[in-house]
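The values are calculated or read from the model by the stated rules, or taken from the named source; none is laboratory data. The structure displayed is predicted, hence computed values, not measured ones. Here the Cβ positions follow ideal geometry from the backbone for every residue, glycine too, while neighbour counts run over all protein chains shown. Calculation scope for accessible area: heavy atoms of the full protein, side chains included, ligands and nucleic acids excluded. Shrake-Rupley method; radii C 1.70, N 1.55, O 1.52, S 1.80 Å.
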Amino acid sequence: VPQVQPRAEELSELYRELSQHPGLSAACLGPDLTTQYGGKYCSLYTEWSQRDLARAENIKFCRQYLIFHDGASIVYSGPAGTCSEIKDELLSRESPSGTLKAVLRKVPGKGLEKEKQFLEVWDQNRKVKSIDLTALDKHGSVYDDDQFGCLAWSHSETHLLYVAEKKRPKAESFFESKAPELGTSDEDTGHPKKEDAPVKGEKFVYYEDWGETLSTRSVPVLCVLDIEGNSISVLEGIPEHLSPGQAFWSPEDTGVVFVGWWHEPFRLGLRHCTNRRSALFYVDLTGGRCELLSEDTRAVWSPRLSPDGCRIVYLENNVLGPHQQCSRLRMYDWYTKHTSTVLEAVPRQAHGAFPGIYCGALPGMCWAADSRRILLDTAQRSQQDVFVVDTATGTTTSLTADAPQGSWSVLTIDRDLLVARFSTPSCPHTLKVAVLPAAGHEAQTQWICLQDAPPIPGITWGIRTLQPPPEQEHLQYGGLDFDAILMRPSEGPTAQKPPLVVMPHGGPHSVFTAGWMLYPAALCRVGFAVLLVNYRGSLGFGQDNVASLPGNVGTQDVCDVQLCVERVLQEEMLDASRVALVGGSHGGFLACHLIGQFPDTYHACVVRNPVVNIASMVATTDIPDWCLTETGLPYKPDALPDPAQWTEMLHKSPMRYVDQVRAPVLLMLGEDDRRVPPKQGLEYYRALKARGVPTRLLWYPGNNHALAGVEAEADGFMNMALWLLKHLQ
């Protein structure tokens, strides 16, 4: 069998080439303009991100396009100028009319000064406002995340709404003493003003946070900037037990609609957890009255107001249980105050029918101009497709059924001009535009490519479906199947019979969709076939599929991956003597299980922040409920695990099989991981070392669960590829 031994220089050159492909992150359509000949056109502003290996950071850049259309079709479209880097922008938002733009910008401090945050307002030709939020000191840092954060224009374009950390009282030790600072003393007494006087004994008080990637978020508040008056006010009236976010102005600007998350008795991790108790609220600006708009026993997010200001759609899940589920689409009528269910969760997807909603968020602009239809993208088995939903009838139509197979995402829709992103495992992100046809004719959507990406040579891919054998069927949820995406090198010395890298996804309730993924594409170019397994429990296959896994982790998911591996080794020209595993998080959990349960199949293993012992993870993770739910146990905030529960958690963990492991293991751990703390990986490392298994550990400071820092990601690929090449020879 031909051997592939590219040197480290060749690997780094390959990674440098593939990592330069930019990702398309956002799009915004400008207002319609009319030419002197009566034709209509508008500008399209797009934002992209790209890894800059020399600077070891992700950079953002923008590019503009022009779209000429007649309302029914696009007449001409093309780029307007080259791209330029965006520096220090945290958030930006166009005003409803498209004539103004708000920007939240970070500005490095001078000398010993801390970094500052400025809120800017731009018109079409200049910056008209620049407000130093740090100096005003009304609140802490503004939130720029997509969990709580927002930057929303009032309909009148006179006010801006955003979310920030609540201002904390200044604190000092009991023994600190210093003269009051100039300008902060009371004119009458000479003593410090009450609001500025530091509180003694509060210096080391613990503030809860919202976990992984949200460790600087504790107590969010809603803030309003009066643009004309240059004044900022923190909204009052929000109940103490709620943390507000994802806010926007109500019709007529009378108040603010927001999502409120319960944070009692304590905060749990929120990132990728669409099962946290939350509801939709309205707070009145004049009286400060707060009103509940949705049920308060569910989990809700992504509220979106229709263009006519009459309806709000939002996504809804059950509280607790799996962190990601098949969601309901709900709609609140602003004037009748009636809430309806537009789409229910789908237990099983009928062939070719709507699969259900599995998405982290609705697009920021998702409504059609008729204020009746909305656009969304969702996983459909191992693809991602765009659907239009009629909120009056609940009917759904795919806009990408006849388009190329792969991964489609809606970026924005405005005046029925639709902007989307498309990619495949062998083609990086491309920019697509279309006009949304009239109701009933949506299947005729014509997509036009506005920014192409060169397909990556040497990669072929396909999706295969597998049925578990009768003895592995779920007793309650029988008849479920699952998918895998197989990528193969189509050129090079190993193309005839390549070694195989098996990659189960994390979650476990997530999914590999057939889109661009840097690591699998790079491994394929090195000469490996890559098998991406969507075992039962993945999203996109119906809620029954999701519900089948809790209580069966370590068995059902492990058996699905092993079945898939054995099947492709039988049916494809692959080298069965050179099979390896690569996985992160729950994918690492599965990889560690598989090298222990099937030691004869696998000859090398690379894991990133793996779960190895659920029993020891439960007390240290930001999501203790995950440990109990996936083990098949009920979660209650006040419950303590008893010995029987700890036994069950350990029984379902990879650590149980560590004595059988023979494959060399490379571990990659993020020092700041709050989801699967690095003590998990260290526990496995020590167990392997004690048993004489070849193992190596890479420790990445400043990186959390995703290990997505540019330097850590690049170093991780190089070490992974070299480890696999070394141990699969």
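Placing +1 on the Cβ of every Lys and Arg and -1 on the Cβ of every Asp and Glu, with nothing else charged, gives region 377-500 a dipole about its Cα centre of roughly 400 debye. Rolling a 1.4 Å probe across all protein chains gives S43 an accessible area of roughly 40 Å². Relative to the globular-protein estimate of 2.2 N^0.38 Å, the Cα radius of gyration of region 459-728 stands at 0.96.
From most to least packed by mean Cβ count within 10 Å, the peptides 573-581, 234-242 give 573-581, 234-242.
With the Cα gyration tensor of region 349-496 giving a ≥ b ≥ c as the square roots of its eigenvalues, does the rule (a/c under 1.5 for rounded; else a/b larger than b/c for prolate; else oblate) give rounded, prolate or oblate? In terms of gyration-tensor shape, oblate.
Taking trypsin sites (Lys or Arg not before Pro) across region 397-489, none is in a DSSP loop with at most 11 further Cβ atoms lying within 10 angstrom of its Cβ.
With contacts taken as Cα pairs under 8 Å at a separation of at least 6 residues, region 1-134 carries a relative contact order of 13 percent. In the context of the full protein assembly, H441 retains an accessible surface of approximately 90 Å², using a probe radius of 1.4 Å and ignoring ligands and nucleic acids. Among the lysines of region 459-728, pairs that are 8 or more positions apart or on different chains and have alpha carbons within less than 28 Å of each other number 8. Over the chain, dividing the summed -39,500 (n - 2.57) contributions of all DSSP H runs of at least 4 residues by the number of residues returns a 222 nm mean residue ellipticity of -4500 deg cm²/dmol.
D659 exposes around 110 Å² of accessible area when a 1.4 Å probe is run over every protein chain in place. By the Cα gyration tensor, region 227-280 has an equivalent ellipsoid whose semi-axes, rounded to whole angstrom, run 26, 13, 11 from largest to smallest. When the trypsin sites (Lys or Arg not before Pro) in region 96-156 are filtered for DSSP coil states and for at most 12 other beta-carbon atoms within 10 Å of their beta-carbon, the remaining sites are K110, K114, R126. Ligands, DNA and RNA are left out, and with a 1.4 angstrom probe the accessible area of region 564-638 is 29 Å² per residue.
Peptides 62-68, 32-38, 16-22, 587-593 ranked from most to least packed by the mean count of surrounding Cβ atoms within 10 Å: 587-593, 62-68, 16-22, 32-38. For mean projected area of the Cα convex hull in nm², several values are listed as (1) 39.2; (2) 35.1; (3) 47.3; flag the one computed from this structure. The listed entry that was calculated here is (2).
As a length-normalised measure over Cα pairs under 8 Å and 6 or more apart, the relative contact order of the chain settles at 9 percent.
A DSSP coil position with no more than 13 other Cβ atoms inside 10 Å describes the following chymotrypsin sites (Phe, Trp or Tyr not before Pro) in region 307-349: Y335. Each of A392, A521, S233 was placed along the dipole of the chain (beta-carbon charges, centred on the mean Cα), and the one lying farthest toward the positive end is A521. Among T629, T397, the sequence by solvent-accessible area, most first, with a 1.4 Å probe is T397, T629. Projecting the Cα atoms of S97, G584, V219 onto the charge dipole of the chain (Cβ charges, centred on the Cα centre) puts G584 farthest toward the positive pole.
Beta-bridge orientation, region 459-728: approximately 35 percent antiparallel, per DSSP, counting only bridges with both partners inside. The overall shape of region 208-333 is oblate: from the C-alpha gyration tensor, with semi-axes ordered a ≥ b ≥ c, the ratio a/c is 1.5 or greater and a/b is no larger than b/c.
Element breakdown for region 459-728 at a 1.4 angstrom probe: carbon and sulfur atoms account for 52% of the accessible area.
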